[in-house]
Amino acid sequence: MTREHPDAQAHGDISEVLPGLHFVTGSMQMKAPLPTRFSRNMTIIANGSDLTLVNTLRLSEKGLAALDQLGSVKHVIRLAGFHGVDDPFYADRYGAKVWSVDAPYKAGFGEGEPYFEAHEIVAADTQIPIPGAQFFVFQSTRTGEALLHLDRDGGVLISGDCLQNWARADRFFSLPARILMRFMGFIKAHNVGPGWLKTAKPDPAEVRSLLKLEFEHVLPAHGSPVLGNAKAHYTPTISAV
Ligand SMILES: [Fe+2]
């Protein structure tokens, strides 16, 4: 069930976007269906000196040194069934506990045997050792997807593929990805992931129920952080699903 950890890919610096919440943008290289590269983000939650990594992305040695300056990695959270490729790396390196949505860790588009197994599958009532943290877990999707809500700073939503904010194609996009993903509707601020909608096929009513949550900020796996007034920014797109 084990396989070699994928190498670190190009990424930027870790920056603190809200007190104790750090964010880093890196890249995802895909070989199929065509060679392409686009960006993805990891959020780091610091609870004292304990760190929780959400939507992991493997950092370079220099990036890991910066991460270690923030504290010690204790937990990994996988919010999106289409993500998680770097979770085993952090589990091995730090002995971190891995919490995941209910989706097997499978390479590519789900062929073959799982390459990893999470320590705990998250549900709406799962308690993680982060103050004010609660999961919103989709019940209607074909592949596991959740968001993590933090009851602080007016509400913070950390999202996987569901809520995105690619206002523009950033420096981690390859040229084919720039063209193709704009054409496919990915390059849009305050977006509900178009690929996710198509593949995960959530019940629209369940997506719209996100608006029952209070949130001022969104830290997405794709695009830049939405800091301030996030619910108002997302309301048109979420309502239109
Ligand atoms: Fe994604």
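Laboratory data are not the source of any read-out in this text; all were calculated from the coordinates shown. Note that the structure is a prediction, hence the values are computed from the model and not measured. Please note: Cβ atoms are built from the backbone with ideal geometry, for glycine as well, and neighbour counts cover all protein chains shown.
Miscellaneous remarks
- FRET efficiency, Arg182 to Ala124 (Cβ-Cβ, R0 45 Å, nearest 0.05): 0.80
- Put simply, the stretch 45-168 fits an ellipsoid with semi-axes of 21, 19, 15 Å; these come from the alpha carbon gyration tensor as the roots of five times its eigenvalues, largest first.
- Count Lys and Arg as plus one, Asp and Glu as minus one, and take only other residues whose Cβ is under 14 Å from that of Val156; the net charge is then -3.
- Ordering of 214-223, 34-43 by packing is 214-223, 34-43, highest average first (other Cβ atoms within 10 Å, averaged per residue).
- Of the residues Lys201, Lys62, Lys188, the one that moves most in a GNM of the chain with alpha-carbon contacts below 10 Å is Lys62.
- Highest mean packing comes first when the peptides 5-12, 191-198 are listed by Cβ atoms within 10 Å, giving 191-198, 5-12.
- Dipole magnitude of the stretch 15-239 about its Cα centre (Cβ charges: Lys, Arg +1; Asp, Glu -1), debye to nearest 20: 920
- In the chain, the DSSP-assigned H stretches of four residues or longer account for a calculated mean residue ellipticity at 222 nm of -5500 deg cm²/dmol, using -39500 (n - 2.57) per stretch and the full residue count as denominator.
- Of Ala230, Phe186, Ile14, farthest towards positive along the dipole that unit charges on Lys, Arg, Asp, Glu beta carbons give the chain: Phe186
- Cα shape, the stretch 14-97, gyration tensor, a/c 1.5 rule: prolate
- Annotation: extensible slack from Asp102 through Leu213 equals 37.8 nm (criterion: 0.36 nm per residue apart, minus Cα-Cα distance).
- Pairwise FRET efficiency - Asp151 versus Leu34, Cβ, R0 = 30 Å, nearest 0.05: 0.10
- The stretch 109-241: C-alpha gyration tensor shape, a/c 1.5 cut-off, then a/b vs b/c: oblate
- Using the Cβ-Cβ distance between Glu16 and Thr235 with R0 = 35 Å, the FRET efficiency computed as 1/(1 + (r/R0)^6) comes to roughly 0.80.
- Shape class for the stretch 70-130, computed from the alpha carbon gyration tensor (a ≥ b ≥ c): oblate, with a/c not under 1.5 and a/b at or below b/c.
- The spread of Cα positions in the chain, taken along each principal axis and listed from longest to shortest, comes to 42, 42, 32 Å.
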